[in-house]
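Participant: This is the structure I have questions about; it appears just below.
The values are calculated or read from the model by the stated rules, or taken from the named source; none is laboratory data. Here the structure is a predicted model, which is why all the values come from computation and not from measurement. In this analysis, Cβ positions are derived from the backbone assuming ideal geometry, glycine residues included, and neighbour counts consider all displayed protein chains.
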Amino acid sequence: MKDHDILLKNHFRDKPECVIDFPSWLLSAQKVSEYRQMHRLAIVEMAGRDSVAAAIVAVQTEGFTDLLPVYAYTGTEYGPWTSVGNAVHRLRQRLPGIRIHDLVVLGSPRFWHALNGRLMTELIKRYGFYTPCAGCHLYLHAVRIPLAISLRAPIVAGERERHDGAVKVNQTATTLNGYQDLARRFEVPLLFPLRYIDDGREIETILGLDWKQDDEQLGCVLSGNYRDSQNRVHLTEEKMKPYLREFALPLAFKTIQAYQQKRVPDHLKMALDVFQSITTQKGLSK
């Protein structure tokens, strides 16, 4: 078990392209076959407290008997890797009658870069704003979709529209609908059991422990980038819609299509092609 933990930690440190091609120690063909036979299996997002609470509620409401925790890396995280393992441990403690399977760690920093980093200047010129946060959450859900297709399992995530009155541009009705629409196009249910919970104290009640929002989880170096110096949010859902509709969702869709065909795409070329198609269509419509 110690050796496996070291492999996981090193995998997270190196962050290789790992969305469809898994090393056998992480996810073997035999394990995939076993998971496919489980009729009440769900892939559960593994991050902070909301993801753990979402898994608990999903078991209560959907009757899942098996949960596969999946952490998706981005390249912007910092903090102790042990926080992810601790979240899995808490999930096991809270659901002793449910089989919580070994943690899977996956991701594609090149996909994240193409969607959220490289075209920053162009996106600002096109849409008048830029934040990586909505694209980042889109990425986090997207990279789990190929695995969900393979295992014929839904995905459970801890997204919430409201956070004790705070606005998070990556968790609004518009963005959450966009994430679900993407998954639906691949016939993958993306479940948000906590979507309409506002009060953080209710999350702590579900968890059965004192776990404050954003505590004991990996942080992001870009956290809060869409807030001004007075902590105010000026980016509206209406401004976000064209960016999602024209660029982020089409790019994510084309990327998952490639993965579904067992092909790792040239992420940057695909992003440039999507952006060029926007420019061409806008030019033709003038």
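Participant: Restricting the search to region 78-103, which residues are in contact with a Lys or Arg (Cβ under 9 Å, 6 or more places away or on another chain) and assigned to a strand (DSSP E or B)?
Facilitator: Ile100
Participant: Among the residues of region 104-121, write down those that are of a type in the set (A, V, I, L, M, F, W, C) and not in a loop (DSSP other than H, G, I, E, B).
Facilitator: Val104, Val105, Leu106, Phe111, Trp112, Ala114, Leu115, Met120
Participant: Could you check Glu216 against (1) modelled with pLDDT under 85; (2) in contact with a Lys or Arg (Cβ under 8 Å, 6 or more places away or on another chain); (3) under 17 Å from Phe129 (Cβ atoms) and say which number it fails?
Facilitator: Result: Glu216 passes all but (3).
Participant: Inspect region 14-26 for any residue being among the aliphatic types (A, V, I, L, M), in a loop (DSSP other than H, G, I, E, B), modelled with pLDDT of 95 or more and under 17 Å from Pro154 (Cβ atoms) and give the result as yes or no.
Facilitator: No: zero hits.
Participant: Quick check: is even one residue across region 4-13 in contact with a helix residue (DSSP H, G or I) (Cβ under 7 Å, 6 or more places away or on another chain), among the aliphatic types (A, V, I, L, M) and surrounded by 13 or more Cβ atoms within 10 Å (Cβ to Cβ)?
Facilitator: Checked against the condition, which is being in contact with a helix residue (DSSP H, G or I) (Cβ under 7 Å, 6 or more places away or on another chain), among the aliphatic types (A, V, I, L, M) and surrounded by 13 or more Cβ atoms within 10 Å (Cβ to Cβ), region 4-13 yields no hits at all.
Participant: Kindly indicate whether any position in region 206-222 is β-branched (Val, Ile, Thr), under 21 Å from Gly63 (Cα atoms) and free of Cβ contacts under 8 Å to residues at least 24 places away in the same chain. Show your work before the answer.
Facilitator: First, pick out the residues of region 206-222 that are β-branched (Val, Ile, Thr): 206, 221.
Narrowing further to those that are under 21 Å from Gly63 (Cα atoms): 206.
Next, from what is left, pick out any that are free of Cβ contacts under 8 Å to residues at least 24 places away in the same chain: none.
Checked against the condition, which is being β-branched (Val, Ile, Thr), under 21 Å from Gly63 (Cα atoms) and free of Cβ contacts under 8 Å to residues at least 24 places away in the same chain, region 206-222 yields no hits at all.
Participant: From the list Val156, Val188, which one is over 24 Å from Thr131 (Cβ atoms), of a type outside the set (Gly, Ala, Ser) and under 12 Å from the mean Cα position of the chain (by Cα)?
Facilitator: Working: Val188 fails: under 12 Å from the mean Cα position of the chain (by Cα).
Matching residue, one of Val156, Val188: Val156.
Participant: Related question: Being of a type outside the set (Ser, Thr, Tyr) and modelled with pLDDT of 95 or more is the filter here, so list the residues in region 68-80 that pass it.
Facilitator: Once the filter is applied, which keeps residues that are of a type outside the set (Ser, Thr, Tyr) and modelled with pLDDT of 95 or more, region 68-80 yields Leu68, Pro69, Val70, Ala72.
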